[in-house]
Structures are given as C-alpha cells and as structure tokens.
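Chemist: Below is the structure I would like to discuss, written out as structure tokens.
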Amino acid sequence: MIYLDNAATTQPSATACAAIQSALTDCYGNPSSLHNFGLQAENVVKHAAKTISALLGLTQGDLLWTSGGTEANNLAILGAARASVGRGRHVITSAVEHPSVTDSFAQLAAEGFDVVTLPVGADGRVDTAALADAVNAETTLVSIMHVNNETGIMQDIAALSAAAKAKNKDVLFHCDAVQSFGKHPIHPNQWGIDLLSASAHKIHGLKGTGLLYARHPARLKPLFHGGGQQKGIRPGTENVAGIAAFGAAAAEAFAQMDASLAAVSTLRDELLRIPARIENVRLNSRADGSPYIINISIGGVRAEVLLHALEAEGFAVSAGSACSSKHKYSRVLVNHGLTVKQAEEAIRISPAPANTPEEAAAFTTALDKQIQFLRKYGGVRR
C-alpha cells in the first residue's frame, strides 16, 4: 500500500520513536515532582521547548504544550478573545479555516462576540485590504491559517498581520500553522505572529501532542483548571513522551526542510499534470501552494467510491480533511468557489518526502484507470 494521506497524519519517524522509548523507559517521572525522576522528565520537556523555540527563532513568550492542533487553536482563539473583553469583542477570521478554528469562532459568536468571517478571492487567499478594512478599534484577535489543510493554498501571513496591526496595533494575530510547521519556513517574530499552533503528528511525531506559541501568555484565559502546570494557562501533567518526540521530530524536519520541499515539489509537479492527462478533472490547489497538498475534483465520480477503488489499487488518499471526512462535502472547498457537486467529487493527495516519483506516476495511472472504469460502469452522478 502506498500512503498518500500525510496531511491527515504521518508515520512516526525512527528518531521520534527513539525519543518516545527513551522518555517512557528512562524519564517516566512526573515533571512536576520534586525528586530526581521528576527533574529528569522536566528536563526532557525543557529540552524540547528550547529546541523548538530555537527553530522558530523565538525571543520572547512561551510554548504551551497541548493535546494537539485542535486544542492549540481553541486555546489561542477562546483564550485570547475572552482575556481581551475589556478592550473589545470584535474578532476576525476567514471562511476557509480548519473546523477547530471555525467552531471556536462560532462559540465566541454564541457568547456575544462580533465575529467577522472574511471570504477568499478566486486565488483562495484573504485580501489584505479587506482585512485592514475589517479591523477597527474594538478588534482584539485575527486568526488566519498559513497552509490550508484541504487545498494547500498558502496565505501571506506577514502581509496580513502587518495590515491588521497597522490599523490596530493591539490586535493579537493567531496563525494555524499545523500544515506548515516543519514543512515551510515560518518566522513568528518577523511576521508579527502572536499566537501559533502546531501539531506533532503532521511532521512524523506522535498523535495527541501539539503546541501553542504565545508571545504574550498573560493575555490568554485558560480553557482548563487544575494543578497549575504551564503557569496555569494549560494545566495538567505534560505528555512527556509525546513532547520528547515532538522536539526530536521538529529538529529533524527543520534540518531536512529544504531537501524535503525539493523532493515533494517533484512529486507535486507530476501530480499537477493529472488534469491535463485525464478528462474533466479540476485542480483545486495552486501551483504556488504547498506541494504537500494537492486537491482535485473528478467530474462525475463520487469521491467516496473513488477512494475505495484507489485503495484496491494500492493507494491511500482522502476525500478531504480527516477532521471533516464524515461530512458529505467540504465547506472549505465551497468557500473556495467550488460548487457542492465539485466539492463532493474532490480528493486530497498529500505526499511525503519518502514517496517517490515512480509512486506518483503509478498513482496517476491507477487514477486514470479507475476513473475510466467508474465513469463507464458506476460511481457516476446521474
């Protein structure tokens, strides 16, 4: 089976697995305990934080460990908005965010916040002028993702943050970087990012481990209450093994970033030829987007039927975000300008550096074969 669903999750690397094993067997103490076992575990957590902070070039703020990208996004959005009610209740996001972001803003709306949801243009991007126009004196938070988890379209975070802060210098800018952390360069200091979310299992780390970088941690209200760990902002015993693996995976990913981007870009170039080779296939991604995510709609063929057909051919892809795979169609794709029908016909291909050009070519051949079969015998919309 050839795995092409790395935007959903990645195979843990040998380096990450070694870090997990060491933490489980050698540093199994509670990092809050005062004895030597606790100190060893605490040092593992501190080492991972130091490693990731250096990789991101952070000079201030804290890294808060979470259970994953979803919790990190919730803590950033709900925590920042609720902590800033004294300055305003006006918050801004885009129409193409991950469900953990859109649902957090829906919760804020239910609490009486004024939520502005910006559309994207034909290029799938948020317009900087439109964002600037939306910001006012009461705006406390803007949340825009870096790489879209369904299309791979990239937002110009530096320009968007600058536009928002030029209008209101006190605005906090949150970036969901779950699909870009460790894959694309990210510069929180230069880009004006105050809050940044990332997840370990997208870069060959362990599921159930995420982080939130907070430039101003005091401007967050906690979602949980308990033992006071992580300055009380995210209490609860830290997942030492997951954090150790996250630090190891991040160090490896950043060290190999250029080579990985080059390798995956070669695969992307092969996959981008699919619409020219197969009739009635629509490219929903962009050639200048992230090469790690390619989204296409197969005219007339139901995505769920095609996925099973491709699995029988030995390929694993998805019908979109794993977090929204049980829905009939993707809201994100519709907000990118697709019809409901096109969204229901969309599949996401997400390669990793370990995949080969030969595998990409074989996938294209298998895709063509199954599309022709399904269009002739089944899986076609009548």
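We did not get these values from a lab; they are worked out from the coordinates using the rules stated. Note that the structure is a prediction, hence the values are computed from the model and not measured. Here the Cβ is made from the backbone with ideal geometry for all residues, glycine too, and neighbour counts use every protein chain on show.
Chemist: Identify, among Phe224, Ile153, Ile186, the residue whose Cα sits farthest towards the positive end of the charge dipole of segment 141-283, taking +1 on the Cβ of Lys and Arg and -1 on the Cβ of Asp and Glu, with the dipole about the Cα centre.
Modeler: Projecting each Cα onto the dipole axis, the largest value belongs to Phe224.
Chemist: Considering the values (i) 32, 26, 17; (ii) 35, 27, 17; (iii) 37, 23, 19, which represents semi-axes √(5λ) of the Cα gyration tensor in Å as calculated for the structure under consideration?
Modeler: The calculated read-out lines up with (ii).
Chemist: Exposure proxy check: Met154, Met1, Met145 ranked by fewest other beta carbons within 10 Å?
Modeler: Fewest-to-most Cβ neighbours within 10 Å comes out as Met1, Met154, Met145.
Chemist: Say the dipole of segment 257-377 comes from +1 at the beta carbon of Lys and Arg and -1 at that of Asp and Glu; which of Leu261, Ala362, Tyr329 then lies farthest toward its positive end?
Modeler: Tyr329
Chemist: Aspartates and glutamates near Lys167 by alpha-carbon distance under 18 Å, same-chain residues fewer than 8 away left out - which ones?
Modeler: Partners found: Asp114, Asp127, Asp133, Glu138, Asp156, Asp194.
Chemist: Cβ neighbours within 10 Å, averaged per peptide: list 201-210, 214-223, 27-36 in order, most packed at the top.
Modeler: My ranking of the peptides, most packed first, is 201-210, 214-223, 27-36.
Chemist: Within 10 Å, count the other beta carbons around each residue, average over each peptide in 260-270, 278-288, and list them highest first.
Modeler: On the way: 260-270: 18.1, 278-288: 16.4.
Output ranking for 260-270, 278-288: 260-270, 278-288.
Chemist: Separate question: Tell me, what HN-Hα J-couplings in whole Hz come from the Karplus equation 6.51 cos²θ - 1.76 cosθ + 1.60 at θ = phi - 60° for each residue of segment 158-171, using x for Gly and Pro?
Modeler: Couplings: 4, 5, 5, 4, 4, 5, 5, 6, 5, 7, 8, 5, 8, 5 Hz.
Chemist: Explain nothing, just the number: dipole magnitude of segment 99-175 about its Cα centre with +1 on each Lys and Arg Cβ and -1 on each Asp and Glu Cβ, in debye rounded to the nearest 20. Can you show the working numbers first?
Modeler: Details: 4 positive and 10 negative charges, 50 e Å.
Value, rounded to 20: 240 debye.
Chemist: Going Cα to Cα from Lys376, which lysines come in below 21 Å? Please leave out same-chain ones fewer than 8 positions away.
Modeler: Candidates past the 8-residue exclusion: Lys341.
Chemist: Testing the spin-label approximation: label points 7 Å from Cα along Cα→Cβ at Glu313 and Ala362. State their distance in nm.
Modeler: 1.2 nm
Chemist: Also, quick follow-up: Can you tell me which of 298-310, 89-101 comes out highest on packing, and rank the rest after it, using the mean Cβ neighbours within 10 Å?
Modeler: Going by the mean number of other Cβ atoms within 10 Å, highest first, we get 89-101, 298-310.
Chemist: With an 8 Å Cα cut-off and a minimum separation of 6 or more residues, compute the relative contact order for the chain in percent.
Modeler: Relative contact order here is 23 percent.
Chemist: Please give every one of the lysines within straight-line cross-link reach of Lys165, meaning a C-alpha to C-alpha distance under 23 Å, and leave out same-chain neighbours fewer than 8 residues apart.
Modeler: Within the straight-line limit of under 23 Å, Lys165 reaches these lysines: Lys221.
Chemist: Using unit Cβ charges (K, R positive; D, E negative) and no other charged atoms, how large, in debye to the nearest 20, is the dipole of the chain about its Cα centre?
Modeler: 580 debye
Chemist: If contacts are Cα pairs under 8 angstrom and at least 6 residues apart, what is the relative contact order of segment 257-377 in percent?
Modeler: Averaging sequence separation for qualifying contacts and normalising by length gives 34 percent for segment 257-377.
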